[in-house]
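The values are calculated or read from the model by the stated rules, or taken from the named source; none is laboratory data. Here the structure is a predicted model, which means the values were calculated and not measured. Every residue, glycine among them, receives a Cβ derived from its backbone with ideal geometry; neighbour counts consider all protein chains shown.
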Amino acid sequence: MPEHDDGPSAQNLEEGRLLKELEAIHRTRHETLLHGSDDALVTHTKRMNELEHEYVRRHPERAKTAARTRSGARARSGE
């Protein structure tokens, strides 16, 4: 499995590991944003984007919640 400075390539992760990596990176995002160095935030953002893009690539037809769409947001705000 090819690796780079930020961990194994997202494309090479099996499904369960991809989900665990996504959970971990989302769990640490706020702390990195508030207290991480500029380099740490850039690295975190790149890895998060890589993992998220891989998940979306694998699941283009994933279930979407209507409330999480633009039209759903407009409905909540009364537009």
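A few notes on this one:
- Whichever residue in region 37-79 is modelled with pLDDT of 95 or more and farther than 18 Å from G7 by Cα and, among such residues, is surrounded by the fewest Cβ atoms within 10 Å (Cβ to Cβ): D38
- Taking the chain and the helices (runs of 4 or more DSSP H) fully enclosed by it, the elements with 3 or more residues that are touching a residue at least 40 places away in the same chain (Cβ under 8 Å) are at 38-58.
- Residue ID - farthest from the chain's Cα centre (by Cα), chosen from residues in region 17-36 that are hydrophobic (A, V, I, L, M, F, W, C), within 13 Å of R47 (Cα to Cα) and surrounded by 13 or more Cβ atoms within 10 Å (Cβ to Cβ): L18
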